[in-house]
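Take a look at the structure set out below.
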Amino acid sequence: MEKSSKFYKKIGIMGGTFNPIHHGHLVTAQEALSQFKLDKVIFIPTGNPPHKIENEVASAEDRYIMTVIATSSNSNFFVSRMEIDRKGKSYTIDTVRQLRKIYGKNSLLYFITGADAILEILTWKNTDEIVSLCKFIAATRPGYNLSRIEDLRKRLFGKAGAADEKIYVMEIPALSISSTDIRNRIKHNRPIDYLLPERVSNYILKHELYK
Ligand code: NAP
């Protein structure tokens, strides 16, 4: 059973569309849990992503169910419906505010997502407030051009130093797997075996997603 929220101090927030979730996401969450000694990681599939073309995204319910299926065997992974149940566009600021309320001001929130998404953070709603409420873990494939993250740190915080404590980078070889590639493979009847948990690919087949 999940412990009461007051026991948790370091919470990973795994933000993503998860369209669909794959092994790259799972390895990222597990690595963040271990490197940052997090108490748990909450996967939060986006509801209505403000920046996406609607017809390329599986329904929020399907993405939620696939995320639950993929994470069910890990006792440190949880999935939240908070974004998919929220009316209107899915903004990270609303999620972070809500989690701050649940876990209290002494908890540390780590927002984990792809580096490319974090690079856009200046265009997100209430960037300054988000940055004041949580730290970021930018997951990249090895070989990613890190100078862009460095530029972002400078734009957000001025000089390095304190900024290093706010945006961390984690290189994840398994992130050579991508949801876009999986969707393309399905469209062209190419195999998706071993790229994502088998039970998730069965769900995709059964519900004829991404055809
Ligand atoms: P995206 O732009 O679809 O993804 C950018 C890159 O990051 C892709 O390569 C993606 O790979 C990867 N990625 C996404 N989530 C990841 C994760 N949790 N771990 C590792 N890699 C990940 O990004 P998105 O999924 O739509 O959004 C990411 C997060 O940013 C979400 O929580 C979203 O709500 C938030 N966001 C907020 C705002 C706002 O508040 N205005 C705007 C944009 C995004 P895959 O395609 O393989 O996942």
Practice problem: Scan the stretch 38-73 residue by residue and report those that are at pLDDT 95 or above, in a loop (DSSP other than H, G, I, E, B) and over 22 Å from Cys134 (Cβ atoms). | Solution: Ser72, Ser73
Quiz prompt | Selection status of Ile44, open to solvent by less than 20 Å² (accessible area, probe 1.4 Å) and farther than 22 Å from Pro173 by Cα | solution = yes
Quiz item: Is it true that Ser5 is at pLDDT below 95, touching a Phe, Trp or Tyr at 6+ places or on another chain (Cβ under 8 Å) and more than 8 Å from the ligand (Cβ to nearest atom)?
Solution: yes
Self-check item: Test for Ile69: is it in contact (Cβ under 8 Å) with a residue 12 or more places away in the chain, farther than 26 Å from Ile172 by Cα and crowded, with 16+ Cβ neighbours inside 10 Å
Solution: no
Quiz item: When Asp94 is evaluated against the numbered criteria (1) in contact with a Lys or Arg (Cβ under 7 Å, 6 or more places away or on another chain); (2) in contact (Cβ under 8 Å) with a residue 24 or more places away in the chain, which criterion, by number, is the only one it fails?
Solution: (2)
Quiz item: When you go through Asn145, Asn106 one by one, which is the residue that is over 22 Å from Tyr64 (Cα atoms), more than 15 Å from the ligand (Cβ to nearest atom) and not small (Gly, Ala, Ser)?
Solution: Asn106
Self-check item: Odd one out for Ala29 among (1) open to solvent by less than 10 Å² (accessible area, probe 1.4 Å); (2) in contact (Cβ under 8 Å) with a residue 60 or more places away in the chain; (3) away from the ligand (no atom under 12 Å from the Cβ)
Solution: (3)
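The values are calculated or read from the model by the stated rules, or taken from the named source; none is laboratory data. Please read these numbers as outputs of a predicted model, since none were measured by experiment. Every residue, glycine as well, gets a Cβ built from its backbone with ideal geometry; the counts of neighbours run over all protein chains shown. Note: accessible area is taken over every heavy atom of the protein model, side chains too, but ligands, DNA and RNA are not part of it. Shrake-Rupley method; radii C 1.70, N 1.55, O 1.52, S 1.80 Å.
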